[in-house]
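Please read the structure below before turning to the comments.
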Amino acid sequence: MTDTASVRLELPELADTMRFGAALGSRLRPGDLVLLAGELGAGKTALTKGIAVGMGITETITSPTFVLARVHNGTRDGLPTTLVHVDAYRLGGSVELDDLDLDTDLSRAAVVIEWGEGIAAGLASDPLHIKLIRHPDDSRSAVVSAGARWRDTVSALVPDPA
Ligand SMILES: Nc1ncnc2c1ncn2[C@@H]1O[C@H](COP(=O)(O)OP(=O)(O)O)[C@@H](O)[C@H]1O
Ligand SMILES: [Mg+2]
């Protein structure tokens, strides 16, 4: 694995998760892939809402559990953005993104997949991995890891890794 060392970010409140998501979303580029892990209620959809804000998407983001995937369009710095939000909870490990028949060009979108680790093997891009952990006090932590091409993004998001 060529992953850089994981960095951990503390997210005491929902607003912290939203801010983190927005900072990430403002840096996502077409073709980027983000895989979100963490148990039910950990905050994967909440983080995706923040990512959408950072991409200039004004539509409401809801959990796509029953539709598997949604496509959202926005505008950032005067340029169109596309977020493909997938919930792979119900997908078998063998399913690939192409099978979802999304009526969109994935190379022009940033793709965020909840429960995506299982289908990651079938995806070519070097993904950003974010694992959300819910603590007994209801705060969250995010463990971020990715390959070298994400290094600048990760250091911008987590300026002072512990
Ligand atoms: N620090 C936090 N980060 C993310 N969500 C939080 C946080 N604190 C409380 N929450 C709440 O936890 C829930 C997370 O739900 P959701 O994002 O749908 O989880 P998942 O998609 O991982 O199942 C939301 O109701 C959100 O308001
Ligand atoms: Mg969810």
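The values are calculated or read from the model by the stated rules, or taken from the named source; none is laboratory data. Values in this document were obtained by computation on a predicted structure and should not be read as measured data. Please note: Cβ atoms are built from the backbone with ideal geometry, for glycine as well, and neighbour counts cover all protein chains shown.
Things worth noting here:
- Among the residues of region 24-39, the ones that are within 14 Å of ligand 1 (Cβ to nearest atom) and surrounded by 14 or more Cβ atoms within 10 Å (Cβ to Cβ) come to 6 in all.
- Test for Leu83: is it within 16 Å of ligand 2 (Cβ to nearest atom), hydrophobic (A, V, I, L, M, F, W, C), in a strand (DSSP E or B) and modelled with pLDDT of 95 or more: yes
- Among residues of region 101-119 that are in contact (Cβ under 8 Å) with a residue 60 or more places away in the chain, those with a beta-carbon under 7 Å from a residue that is charged (D, E, K, R) and not in a loop (DSSP other than H, G, I, E, B) at least six positions away or on a different chain give the pairs Glu114/Lys44; Glu114/Asp87; Trp115/Asp87.
- Here Gly93 fits the description: modelled with pLDDT under 95, among the small types (Gly, Ala, Ser) and more than 11 Å from ligand 2 (Cβ to nearest atom).
- Subset tally (residues that are of a type in the set (Lys, Arg) and over 9 Å from the mean Cα position of the chain (by Cα)) for region 29-66: 2
- Among the residues listed as Ser26, Ser6, the single one being more than 17 Å from Asp87 (Cα to Cα) and at pLDDT below 95: Ser6
- Set Leu28, Leu24: member being of a type outside the set (Ser, Thr, Tyr), part of a loop (DSSP other than H, G, I, E, B) and out of contact with any Asp or Glu (no Cβ under 7 Å at 6 or more places or on another chain): Leu28
- Within region 110-162, the set of residues being touching a helix residue (DSSP H, G or I) at 6+ places or on another chain (Cβ under 9 Å), modelled with pLDDT under 95 and of a type in the set (D, E, K, R) comprises Glu114, Glu117, Asp126.
- Residues that are farther than 16 Å from Thr153 by Cα and surrounded by 16 or more Cβ atoms within 10 Å (Cβ to Cβ) within region 1-13 comprise just one, Leu11.
- Selection from region 140-152 of residues that are under 23 Å from Glu13 (Cβ atoms) and polar (S, T, N, Q): Ser141
- Residue in region 61-72 that is within 28 Å of His135 (Cα to Cα) and out of contact with any Asp or Glu (no Cβ under 9 Å at 6 or more places or on another chain) present: yes
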